[in-house]
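What follows is a set of notes on a single structure, which appears directly below.
The values are calculated or read from the model by the stated rules, or taken from the named source; none is laboratory data. As the structure is a computational prediction, the values presented were derived from the model and not from experiment. Glycine gets a Cβ as well: all are built from the backbone with ideal geometry, and neighbour counts include every protein chain shown. With ligands, DNA and RNA removed, areas are computed over all heavy atoms of the protein, side chains included. Shrake-Rupley method; radii C 1.70, N 1.55, O 1.52, S 1.80 Å.
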Amino acid sequence: MNTETVGYKQETVAPAKTFVNRGASQTRLIAGVSVPDGPLITAVIEHAQRLSEPYLFNHAMRSWLFAEAIGSAKGIGYDREVVAIGTVLHDIGLTASVSGPNRFEVNGADAALSFIRGKGLSDRRAQLIWDLVALNSTPSLALHKEPEVAIGTMGIGLDYGGFGIEALPTADVERILSAFPRLKMKQQFAETCCRLVTNKPETSHDNFLRDFGERFVPGYKAVSTVDLLMNAPFDE
């Protein structure tokens with residue numbers, strides 16, 4: 001993730017005049033953070049936990065809590081249920097139970113959409129969830145999308161690389177980390193990405209998996225976009 005991009009967008013997302021609580025008629029506290037609650041969010045959390053290794057589930061939960069903390073601190077209006085669903089499910093494409101021919105973010109977004117289908121969400125809200133999951137690892141795009149996509153991506157980016165951590169009180173960050181420990185996430189996340197690069201290299205050329213392949217996977221060579229242009233079957 002790009003530190004400059006994340007930091008810039010966190011400063012430029014326009015705060016709403018009032019904090020919008022759409023889709024969150026019930027709330028509860030998790031690690032000291034007020035979050036939306038309800039049967040659908042509970043089902044989403046349980047689904048993510050069933051699919052994910054513990055370190056990855058904890059990453060998803062911390063990302064959600066960080067997103068809520070950022071949104072609250074900045075007074076940004078957004079659909080909190082959409083952010084909850086999209087953020088908690090944002091990495092299910094990295095799990096063994098979710099597969100498909102596309103890059104893992106798209107496979108995960110399709111799987112998230114399949115899980116919430118028929119649960120009363122409008123097409124627009126479902127699309128925002130798909131966008132959040134599919135774009136969360138591409139902040140140079142996601143942070144310029146709707147507030148739901150941007151806020152979710154900020155929370156994910158904070159947990160992934162510490163981007164924007166200075167915006168939150170240290171005590172709040174420590175409570176979230178204590179409730180959902182990192183469980184050697186740096187090592188385990190890298191190993192997960194390397195397995196995906198090794199097993200499906202064709203899905204790694206245009207996302208951050210490429211970085212893991214080039215750093216850690218012997219013999220890995222990504223497709224060059226320059227070669228694609230120069231080898232295009234057209235007369236000049």
- Query: If one computes the Cα centroid of the range 121-181 and of the range 95-117, what distance in Å separates the two points?
  - Reply: 18 Å
- Note on the structure: Largest-first ranking of Arg80, Arg103, Arg50 by accessible area, probe 1.4 Å, whole protein assembly kept, is Arg50, Arg103, Arg80
- Message: Students often check this: by mean Cβ neighbours within 10 Å, which of 25-34, 106-115, 207-216 ranks highest, and how do the rest follow?
- Response: 106-115, 207-216, 25-34
- Task: Please compute the net charge surrounding Asp159, taking Lys and Arg as +1 and Asp and Glu as -1 over other residues with Cβ under 11 Å from its Cβ.
- Result: +1
- Which residue, chosen from Ser52, Pro201, Thr27, occupies the Cα position most advanced towards the positive end of the dipole of the chain, where the dipole is computed from +1 (Lys, Arg) and -1 (Asp, Glu) charges on Cβ about the Cα centre? Thr27
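Hey, what's the Kirkwood Rh for the chain if you take every pair of different alpha carbons, in angstrom?
Working: mean 1/r = 0.0547 Å⁻¹.
Value: 18.3 Å, from the Cα pair sum.
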- Convex hull volume of the range 96-223 per residue (C-alpha atoms, cubic angstrom): 142 Å³
- In debye to the nearest 20, the charge dipole size for the chain, taken about the Cα centre with +1 at each Lys and Arg Cβ and -1 at each Asp and Glu Cβ, equals 660 debye
- Using +1 at the Cβ of each Lys and Arg and -1 at the Cβ of each Asp and Glu in the range 156-236, identify which of Leu228, Pro169, Gly213 lies farthest towards the dipole's positive end. Pro169
- Message: Give me the dipole magnitude in Debye, nearest 20, for the range 77-197 about the Cα centre, with unit charges on the beta carbon: positive for Lys and Arg, negative for Asp and Glu.
- Response: 280 debye
